[in-house]
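The values are calculated or read from the model by the stated rules, or taken from the named source; none is laboratory data. Predicted model, so just to flag it, every value in this text is computed and none were measured. Counting neighbours? That spans all protein chains shown, and the Cβs are built from the backbone with ideal geometry, glycine included.
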Amino acid sequence: MTRTDPEFEWVDQPGDASIRYLHHGFPSPLVRWHYHDEYELHLITCTHGKVFVGDYIGNFGPNSLVLVGPKLPHNWISQMRRGEQVELRDRVINFSHELVEKGEAAFPEMQRLRPFWVRARHGIEFLDEAVVREAARLMEEVAGTQGFRRLTRFWMLMDLLADCQQYRLLASSGYMPVTDEKTLSRLSRVMDYIFSHYDRELPLEEVAAQVDMTTTYFSRFFRKATGQRFIQFVNGLRISRACELLSQTDLPITEVCFQVGFNNIANFNRRFQAIRGMTPSDYRKAAQALS
């Protein structure tokens with residue numbers, strides 16, 4: 001589960017098309033920490049893993065549907081056994097803000113979607129299962145059609161998602177996307193290293209050394225690039241993994257604590273309560289009640 005250096009992705013729109021559809025498996029060179037000038041609607045069809053959108057870290061699984069706005073860095077990393085592959089993991093639609101603006105200029109009815117595009121700047125995850133099912137159907141129709149028929153399905157899809165009332169915004173309101181190539185490249189190496197080693201003690205000095213920085217400079221760099229302190233980010237990743245283990249396994253809470261990188265149960269409980277607003281035990285009970 002590694003990521004290549006993040007980069008600006010040039011979305012090559014066909015000259016005779018307003019949107020671009022693609023799909024790919026995992027692993028894939030398209031799976032990397034990156035950003036682009038276009039909106040991206042991203043549907044996961046299989047596997048589970050971690051999603052990164054701006055300063056947001058979360059879990060994804062089949063039927064995870066997210067709309068990412070322009071210049072918002074993002075990546076989905078599947079957690080799979082070494083050597084395991086899947087042929088179809090993602091369905092993706094890219095489209096430009098120019099398309100949105102020209103549509104609004106030509107069709108006044110489209111102006112009602114403006115709040116939707118504003119929300120997309122932070123990344124939107126759609127949570128209504130019925131909406132996601134219908135969106136998946138429409139994405140398949142987009143994939144299987146061309147020309148004007150494809151465009152009509154696309155706008156039906158946008159109308160459906162804009163009306164969805166069950167959603168969450170991902171990147172924080174104060175997050176400022178980093179689009180400097182050098183900074184993104186360094187951040188990618190750091191993220192790779194953290195993701196591979198967060199389940200053990202991970203000193204700041206060790207991570208700073210991966211990008212040849214002093215700890216003081218690295219602390220400033222990391223907070224400016226992510227909007228979070230280093231330890232805050234690592235603990236968020238650990239607690240995210242703990243939530244998976246608490247909801248999907250019967251492991252004792254003490255075992256979950258050590259598996260995700262905490263070295264004592266008191267600190268784990270305190271950090272979990274601060275981030276999730278409840279104890280690990282209460283979280284497990286709530287997760288079991290919903291299953």
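In segment 31-44, the qualifying residues are those that are touching a residue at least 60 places away in the same chain (Cβ under 8 Å) and over 16 Å from Met191 (Cα atoms), and the one that is surrounded by the fewest Cβ atoms within 10 Å (Cβ to Cβ) is Asp37.
Candidates are the residues of segment 141-167 that are loosely packed, with under 14 Cβ neighbours inside 10 Å and of a type outside the set (S, T, N, Q); the one that is nearest to Ser240 (Cα to Cα) is Asp163. Selection of helices (runs of 4 or more DSSP H) fully inside segment 209-291 by the criterion of at least 3 residues being without any contact (Cβ under 8 Å) to a residue 60 or more places away in the chain, at negative phi and among the aromatic types (Phe, Trp, Tyr) returns 215-226. Looking at segment 236-247, can you tell me whether even one residue there is β-branched (Val, Ile, Thr), more than 19 Å from Asp192 (Cβ to Cβ) and surrounded by fewer than 20 Cβ atoms within 10 Å (Cβ to Cβ)? Within segment 236-247, not a single residue is β-branched (Val, Ile, Thr), more than 19 Å from Asp192 (Cβ to Cβ) and surrounded by fewer than 20 Cβ atoms within 10 Å (Cβ to Cβ).
On the stretch given as segment 139-192, residues that are modelled with pLDDT of 90 or more and basic (Lys, Arg) total 4.
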